[in-house]
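Working notes, beginning with the structure itself.
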Amino acid sequence: MAPVLPFLQGVEVMGDPTPKLADDDTQKKSGDLLQWIISVIVPQGRLLTERRVTVLAKTRPGVRDGQVVIFPDLHVGAYGSSTGSGLYFWATDVRAAAASEGSDD
C-alpha cells in the first residue's frame with residue numbers, strides 16, 4: 001500500500017528528471033508527449049520510500065534535486081506479472097509545492 005496524499009501535499013525530488021527509455025534505448029512517448037521519470041521520497045509512517053513517477057511532457061520537467069513538488073493530477077495503477085505485482089504512478093503535471101512558513105526556499 002502506498003499513500004497518495006503526500007504526492008498532493010509535497011514530496012522531495014531525488015536527482016534530476018531522466019528520460020524513460022524503451023528496450024531500444026529511445027525515449028518512450030505517449031502520443032506526442034515524452035515520458036520522463038522523476039524519483040521522489042514519500043513518507044510512509046516513520047519510513048521514507050522512494051517512488052518513481054512517470055511524467056508526460058513535451059520537454060524535460062523543470063524540477064531539481066531536493067526540490068519539494070506536487071503532482072496535482074496524479075494517476076495510480078496496479079500491475080501484476082509472474083514475478084510479482086506493484087503500483088505505478090504517472091502524471092501530466094508536476095510543480096513546486098507552495099513554500100511553507102520557516103522554509104529556506
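The values are calculated or read from the model by the stated rules, or taken from the named source; none is laboratory data. None of these values were measured; they are calculated from a predicted model. In this analysis, Cβ positions are derived from the backbone assuming ideal geometry, glycine residues included, and neighbour counts consider all displayed protein chains. Calculation scope for accessible area: heavy atoms of the full protein, side chains included, ligands and nucleic acids excluded. Shrake-Rupley method; radii C 1.70, N 1.55, O 1.52, S 1.80 Å.
The table that follows gives values for the structure above.
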{"item": "Residues that are modelled with pLDDT of 95 or more and among the small types (Gly, Ala, Ser), drawn from region 32-55", "result": "Ser39"}
{"item": "Any chance Lys29 is more than 19 Å from Gln67 (Cα to Cα) and surrounded by 14 or more Cβ atoms within 10 Å (Cβ to Cβ)", "result": "no"}
{"item": "Region 50-59, subset surrounded by 14 or more Cβ atoms within 10 Å (Cβ to Cβ) and not aliphatic (A, V, I, L, M), residue nearest to Leu33 (Cα to Cα)", "result": "Thr54"}
{"item": "So Leu87, is it more than 14 Å from Gly10 (Cα to Cα) and open to solvent by 60 Å² or more (accessible area, probe 1.4 Å)", "result": "yes"}
{"item": "Selection status of Arg64, modelled with pLDDT of 95 or more, open to solvent by 40 Å² or more (accessible area, probe 1.4 Å), basic (Lys, Arg) and within 11 Å of the chain's Cα centre (by Cα)", "result": "no"}
{"item": "Some residue of region 95-104 being open to solvent by 60 Å² or more (accessible area, probe 1.4 Å), at positive phi and at pLDDT below 90", "result": "yes"}
{"item": "Single residue of region 1-18 satisfying the filter (free of Cβ contacts under 8 Å to residues at least 40 places away in the same chain and under 17 Å from Tyr88 (Cβ atoms)) that is least open to solvent (accessible area, probe 1.4 Å)", "result": "Pro6"}
